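Computed from the coordinates by the stated procedures, all read-outs in this text should not be read as laboratory data. Worth saying up front: this structure is predicted, and the values here are computed from it rather than measured. Reconstructed Cβ throughout: ideal geometry from the backbone, glycine too, with neighbour counts over all protein chains shown.
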Amino acid sequence: MRYLILLKAAENQLGGTPPPELFAEIAKLGEEATKAGVLLDTAGLTPSAAGTRVSLEDGKISVTDGPFTEAKETIVSYAMYELRSQEEAVEWTRRFLQVHVDFWPGWEGSSEIRRVMGPEDFGAAFAPE
Amino acid sequence: MPSPHALIEGVFRVEATRIVASVARMVRDVGVAEEIAQDALVTALEQWPVKGTPDNPAAWLMTTARNRAIDRIRREARLAENLVELGHRLPSDVVPEIDTIEDDVLRLVFVTCHPVLAPQNRVALALRLLGGLTTAEIARAYLVPEATVAQRITRAKRTLAEKKVPFEVPAGDERPARLASVLEVVYLIFNEGYSASSGDDLLRPALCHDALHLGRTLAALMPAEPEVHGLLALLELQASRLRARTGDDSAPVPLDRQNRARWDQWLIRRGLAGLEKAQGLGGTFGPYTLQAAIAAEHARARTPDDTDWMRIAALYQVLLGALPTPVVALNRAVALGRALGPQAGLDAADALAGEPALRTYPLLPGVRADLLARLGRIDEARAEFERAAAMTGNVSEREALLSRARELP
C-alpha cells in the first residue's frame, strides 16, 4: 500500500536555515529506505511564498498567492512509501523525526501519514484478495 | 499514541530482514538467524511495555539479536572447544554501519534464492526472510494451507544448512547464474500475483506488491546490474496495468480492451526510467530488459491503435534469441498477427502446434481462436476458444474465454 507522508513545520523555523548535517542525515535515511525497497519518491517543497492557493467558497473560485501567513504550519516536504502496514509507516516517520531531534535541536513540526487509496478502497470488485 | 505493541510491530517489520541478515553472517545459518531474530522480538514484546521504549528501537533490536548470536557462538565453540573458530566468527562489538548491513542483506538474498532449493521453496523463503511476511500471509497469498508453507520454509532452511551453502555474494563466473536464480524468484512471485494459476481471482495484487518490493530492494542493492533494473522495469510496467486488467465482474480484460485511463502513470514513469537505466548500463540486453522494452511499447501507446507492433514483433524476435521458449514464440506470433495481419500470426502459431510444453497451455488455442476469428473462420475460432476454456484452471479466465466464444457472430 502506498503511504504519503507529509512533513509540516512552521516556515523558517527558529528563523534560520536547517544545518547541513541534517540534509546529510536525511539523505542517509533516504538511502536506507531505498535499499529496503520501500521509498518511492521524496522531495522538499519551496516555501509557501512561492505557492498559490486556489479555493472554492460560496460557489466562487478565488486565487491567492502565498505566503499563507495565517497558517501555523505549512507542508515543507513529502515522501511516498510503499509499505504493508500503517505501523511500518509510523516507524519510518519516527526515524525521520528522530534525525531532526539529533541534528536540529529545538526544531518542531509534525508528520502526517496518509494512505493513498487504491482500487481496494472502491468496492468488492477490486478487493485485493 | 500507538500502543507499544503497534510500535514494536512497526520496528520489527522494517528491521527484520536486516537483523536476520546480520545475524546470519555471524551464525552462518539462516534458520538459526531467524530464530534469534524472533527471540529478540519476543524480548521486546516482554520488556518495552514494562520498561519503556528504548531511544533507538531499531538499534535495540539489532543489538539484542547480535548479543544472542554471540552467546550462541560462544556456547557452540566451548562445546567444540575450538577457540580458533570462536575468534574467527566473533564479530567486533561495534554496531555495524548501514553499509555492512546492506552487504549482509545482499548475502541473504543470494542464499535465500540459491539454486540448490526447489523454486517453490525459494519463493516461500524469500517472502519470509526478504519480504518479512508471516507464514500465514504467504499461505493466504498462495491459497495453500499454512502447514504447506511452513514445510517449504523448513525444508529450504534445512537444505541450506545440509548443503553448507556459504553466506556470501557469489563472485566471478558464478555470479550471473546465481543472479538469474534471484531474479527468477522475484519474477515467479510477481507472476503468481499477476496471473494466478489457480483460484477464483485472476489477480493477487498483494503478491505483485511483494515482488515489486523485492525488486526495488535488489535494484538499490545491485545498482550496477542491468538485468536487475530490467526486471524491476518490467514488473513496474506490468503492475501499472493491474487496475485495468480486470473488469467490474473480475473477468480479465485483454490489453487492447483495457481502459488506459486506469493505467498507473506513476508506475509507468518509474518503469520507463528503470528501463532507461538498464539500457544505459550497456552490454547485451537480457531477457527481462527485453521484455521490459516490449511492455514499454504498450505503455507508451495512448490507444491500442498507436501500438508499434512492428517494433514489438522485432523485440520478440530478439527475445527469442535470448530466451528461446515456446511461450515467447507464441507471443511473437501474436505480435506478428498484429504487425503483418492474422494469417502471418496464425502461420507462426501453427508452427508451434507440436510443442510439448504448449500442449496444456490455454494461450495457444486462445491465440489461434483470436486469429481465426479475425480471418473470419468463425466455427474454428469458437472451437478453439472452447478448447482454451477447458484447459485453464482459473475460473475468471475460463469465463472470459467462453464469453469470447459466445460473442462470435
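Annotations
- Among A:Val101, A:Val116, A:Val63: highest mean-square fluctuation, GNM of chain A, C-alpha pairs under 10 Å: A:Val63
- Spatial offset of the range B:19-34 relative to the range B:273-314 amounts to 39 Å, using the alpha carbon center of each.
- Max-minus-min Cα coordinates of the range B:235-360 on each principal axis give 43, 41, 26 Å, with the largest extent listed first.
- Taking other residues whose beta carbon is less than 14 angstrom from the beta carbon of B:Ala219, and scoring Lys, Arg as +1 and Asp, Glu as -1, yields -3.
- Electrostatic tally near B:Ala351: other residues with Cβ closer than 12 Å to its Cβ, Lys and Arg +1, Asp and Glu -1, net -1.
- Expected 222 nm ellipticity per residue - DSSP helices of 4 or more, -39500 (n - 2.57), all of the protein assembly as shown, to 500: -19500 deg cm²/dmol
- In sequence order, calculated HN-Hα J values of the range B:154-162 (Karplus, 6.51, -1.76, 1.60; Hz; x Gly/Pro): 4, 4, 4, 5, 5, 4, 4, 5, 5
- Orientation-averaged projected area, Cα convex hull of the range B:322-409 (nm²): 5.7
- Kirkwood hydrodynamic radius of the range B:4-89, Cα pairs, Å: 13.3
- Rounded to whole Å, the principal axis extents of the Cα atoms in the range B:300-352 read 30, 25, 13, largest first.
- Distance violations [Cα-Cα > 32 Å] among B:Lys51/B:Lys164; B:Lys164/B:Lys277; B:Lys157/B:Lys277; B:Lys51/B:Lys163; A:Lys28/B:Lys51; A:Lys72/B:Lys51: B:Lys51/B:Lys164; B:Lys164/B:Lys277; B:Lys157/B:Lys277; B:Lys51/B:Lys163; A:Lys72/B:Lys51
- Distant-in-sequence amide H partners of A:Thr74 (H built 1.01 Å from N, under 5 Å): A:Ala9, A:Ala10, A:Glu11
- Across the options B:Thr134, B:Val123, B:Thr148, the greatest Cα extent toward the positive end of the charge dipole of the range B:116-175 (unit charges at beta carbon of Lys, Arg, Asp, Glu) belongs to B:Thr148.
- Label-point separation in nm, A:Leu22 to B:Ala314, each point 7 Å along Cα→Cβ: 5.2
- Projecting the Cα atoms of B:Ala333, B:Thr112, B:Leu188 onto the dipole axis of chain B, where Lys and Arg carry +1 and Asp and Glu carry -1 at the beta carbon, places B:Ala333 farthest toward the positive end.
- Separation of the B:Thr43 and B:Asp350 label points, Cα + 7 Å toward Cβ, nm: 7.1
- Fraction of the pair-distance distribution of the range B:156-241 above 18 Å, Cα-Cα pairs, percent: 51
- Given charges at beta-carbon only (K, R positive; D, E negative), |dipole| of the protein assembly as shown in Debye: 1000
- Across the alpha-carbon atoms of chain B, the computed radius of gyration and Dmax are 24.4, 82 angstrom.
- Dipole magnitude of the range B:185-331 about its Cα centre (Cβ charges: Lys, Arg +1; Asp, Glu -1), debye to nearest 20: 320
- Fluctuation leader among B:Arg332, B:Arg374, B:Arg128 - chain B, Gaussian network, Cα springs under 10 angstrom: B:Arg374
- Counting all C-alpha pairs of the protein assembly as shown, share separated by more than 42 Å (%): 29
- Gap separating the Cα centres of the range A:1-74 and the range B:166-188, nearest whole Å: 40
- Size of electric dipole in the range B:322-409: Cβ of Lys, Arg +1 and of Asp, Glu -1, about Cα centre, debye, nearest 20: 100
- What the Cβ-Cβ distance of A:Thr64 and B:Thr53 gives, at R0 = 30 Å and to the nearest 0.05, is a FRET efficiency of 0.10.
- Scattering curve values for the range A:2-124, log₁₀ I(q)/I(0), Debye with Cα scatterers, q = 0.10, 0.11, 0.20, 0.22 Å⁻¹: -0.39, -0.47, -1.17, -1.29
- Note that the range A:74-80 has calculated 3J(HN,Hα) couplings of 10, 6, 10, 7, 9, 9, 10 Hz, one per residue in order, obtained from phi through the Karplus relation 6.51 cos²θ - 1.76 cosθ + 1.60 (θ = phi - 60°); glycine and proline are x.
- For the range B:63-78 versus the range B:336-375, the spacing of their alpha-carbon centroids is 60 Å.
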